[in-house]
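So the structure is just underneath, and the comments pick up after that.
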Amino acid sequence: LLPSQTNTHLLALSLMEMNPSSRYSYDPVLRWDPEVEDYFNKAYGPDHFARISKALTRPSSYSCIRVNTVQTSSDAVIEKLTKILNDDSEDGLKLVLQPDGSSSPISKCQIPGLEYVVFVNGSGPHRIEYGSGLDNPPKEVLVSRKCAEAVLRGAQVYVPGVLACTAHVEKGDAVAVCVAMEQPGDEGDWSVNMTRGTTLQGLPSGKHHSSSYPFYCERSGLYIGMGTAMLSRAGMFRVSHGVAVDLNNRVFRLPSFHNVLEGEIFLQNLPSIVAAHALDPQRGERVLDMCAAPGGKTTAIAILMNDEGEIVAADRSHNKVLDVQRLSAEMGLTCITTCKLDALKSVCLPSTLSDSTTSVNGENSGSVTSHSELSSNEGIASDASGRSEAEKSCEENASTKQPNGGDKVSQSEIRKSKGRLKNGRGRTQSQGGRAGKSKGFPPNSFDRVLLDAPCSALGLRPRLFAGLETVISLRNHGRYQRKMFDQAVQLVRVGGVLVYSTCTINPSENEAVVRYALDKYKFLSLAPQHPRIGGPGLVGRCEFPDGYVEEWLKPGEEEMVQKFDPSSKLDTIGFFIAKFSVGPKD
């Protein structure tokens, strides 16, 4: 529940008297639903889960880069990155300094099979000097939680992320950047409860009324760095884009790789790269990536296959399919085809199959290496009339002809048309892209299937908020993934491989799904994974107060999966990988 105004008043007074280093610091506490916290305490143990929660609030201490070996090599990339990191020009990467003042080392991964992965070390947490104390507080810029999470990963503070600002901030001023966290409401909801453009007070007023110092208490311990205002206060809330604050003194220092060596490198978490390796794709095989966007694992699989074979990248979002197309074209990969497809409708009978996957690289797109160069007709396979297969498929699927030959226009289409007239062309129309629709694939269509399932994402870091998840929502995630798994298992041929992965620490979506799969499909068996650098899975079960029982792994199965712990020495995101061999089906 929200603290009373009296408690807020007392807290504010105590904050005035506390050491400035306590207020102006980065020491977030991840707040969980009490039942969720109890569930995770049972799964991991209270001490272990406390370490996981703390690790989740911080970024990894390094950036993991996957090299596109179809176009370049790790040694060449290391040489280029070293030059960029040491370039003092504005176009170069910000140099990351270690505590001893030396530049951040760039190294090749030493794990066998992952030599094409490059690590760039960051540093932090750093102690930042924010000013002369509580009596003379710094000017402040308050940013949204999502903006702060991106900044902790190396991004700049952009205008859309700014929520509030101290009065009289001018361009060039030194400002402290702090985070606006969601707060619990009376009805169990969470919100920031702040109008964008609010004026922040550096100190509570003499009247000590809570409305006089909005978010004064709540932003204590949530300062992520000092920077230079690139716009005045008025400018931050007048323009719609651009850098608001150049954050040159950060709590965590990680270089940004935005627009750096496009087509040659891809910033990707280490466990995601391992998931592609676990699939063990071979040249010439047919592979399905069921939930492919944004295309990181899809392109990783293509590179492991040396761009030989066929990879079908599916996603239910039209715009996300376009993202996969652009990334594939940027990296010069030709074996990837894409389609718009709901993972829950992936299987169809051969007689109703609509082969409407769309080639990413037609003969006109082989030279495409960046997003900006992808024109409206590139990345689409076209017929002699100039219409792409995707266009014809979309037209056929969108047809609403009545039996008497008349046209029937739905109310939804009318609303969309009005919206386009009012708001202008949307992202899809502006970029000229098309995503072919598919009605699914026949059973046993693929040699290998990757199901990197949509999940609660409770393993991603840095994470500053987790209050929305409940025990019921965590169970529902697992039920949703079981339905997707039911589709995936039908699409793998006998003798094939199915890899299931998530980026969450939630056992309902990890071990419980594996238990479900092994119990329901007797022809499935857990298979060894290479490389194996993650930890074991959870063994046993969990009994909930409402009587629900969740079964996890059985003894002996825990070493057959990989569970990446954010608090471990690997310092990765939370991630889970299970690999299944498909035996003779009934």
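Each reported figure results from applying straightforward, stated rules to the coordinates on display, with no laboratory input. All of these numbers come straight from a predicted model, not from anything done at the bench. We place every Cβ from the backbone using ideal geometry, glycine too, and count neighbours over all the protein chains shown.
Could you give me the ³J(HN,Hα) list for the stretch 226-243, computed from phi with Karplus coefficients 6.51, -1.76, 1.60 and θ = phi - 60°, whole Hz, x at Gly and Pro?
Computed from phi, the couplings for the stretch 226-243 are 10, x, 10, 5, 8, 9, 6, 4, 4, x, 4, 9, 9, 8, 9, 8, x, 7 Hz.
Between E35 and R196, take the C-beta separation as r, use R0 = 41 Å, and let me know the FRET efficiency to the nearest 0.05.
Once the sixth-power term is evaluated, E becomes 0.80.
What Kirkwood hydrodynamic radius, in Å, does the stretch 149-192 give when the mean of 1/r is taken over all pairs of distinct Cα atoms and then inverted?
12.9
Ratio of alpha-carbon Rg to the 2.2 N^0.38 Å globular estimate for the stretch 177-321, to two decimals, please.
Cα Rg divided by the expected 2.2 N^0.38 Å: 1.58.
What full-extension length gain, to one decimal in nm, is calculated for I533 and I111 as 0.36 nm per residue of separation minus the Cα-Cα distance?
Between I533 and I111, full extension yields 151.1 nm more.
Using R₀ = 45 Å, calculate the FRET efficiency as 1/(1 + (r/R₀)^6) where r is the Cβ-Cβ separation of D47 and L344; round to 0.05.
The value I calculate is 0.70.
Taking the Cα atoms of the stretch 241-311 alone, what are Rg (to one decimal) and Dmax (as a whole number) in Å?
Using the Cα atoms of the stretch 241-311, the pair Rg, Dmax is 16.5, 49 Å.
Under the 0.36 nm per residue contour assumption, what length would be gained going from the current alpha-carbon distance of K146 and N248 to full extension? Intermediate values should be presented prior to the final figure.
Working: separation 102, 0.36 × 102 = 36.72 nm, distance 1.93 nm.
Extra length from K146 to N248 when fully extended: 34.8 nm.
Which whole-Hz ³J(HN,Hα) couplings does the stretch 339-348 yield from phi under the Karplus relation 6.51 cos²θ - 1.76 cosθ + 1.60, θ = phi - 60°, glycine and proline marked x?
Along the stretch 339-348, the couplings run 7, 8, 7, 6, 4, 6, 10, 6, 9, 9 Hz.
Sorted by mean Cβ packing within 10 Å, highest first, what order do the peptides 536-542, 186-192 take?
536-542, 186-192
Ordered by residue, what ³J(HN,Hα) values in Hz, to whole numbers, does the stretch 530-542 give under the Karplus form 6.51 cos²θ - 1.76 cosθ + 1.60, where θ = phi - 60° and Gly and Pro are x?
9, x, 10, 10, x, x, x, x, 8, 9, x, 7, 9
Pick out, in residue order, every one of the GluC sites (Glu not before Pro) in the stretch 266-336 that is DSSP loop and has at most 14 other C-beta atoms within 10 Å; say none if there are none.
Loop-located and lightly packed - E308.
Let me understand the stretch 439-516 better: what is its radius of gyration from the alpha carbons, and its Dmax, in angstrom?
Radius of gyration, then largest Cα-Cα span, for the stretch 439-516: 14.2, 44 Å.
Explain nothing, just the number: dipole magnitude of the stretch 502-585 about its Cα centre with +1 on each Lys and Arg Cβ and -1 on each Asp and Glu Cβ, in debye rounded to the nearest 20.
Roughly 440 debye, rounded to the nearest 20.
Just going by the charge dipole of the stretch 144-283, with Lys and Arg at +1 and Asp and Glu at -1 on Cβ, which of V239, A229, P255 is farthest out on the positive end?
Result: A229, furthest along the dipole toward the positive end.
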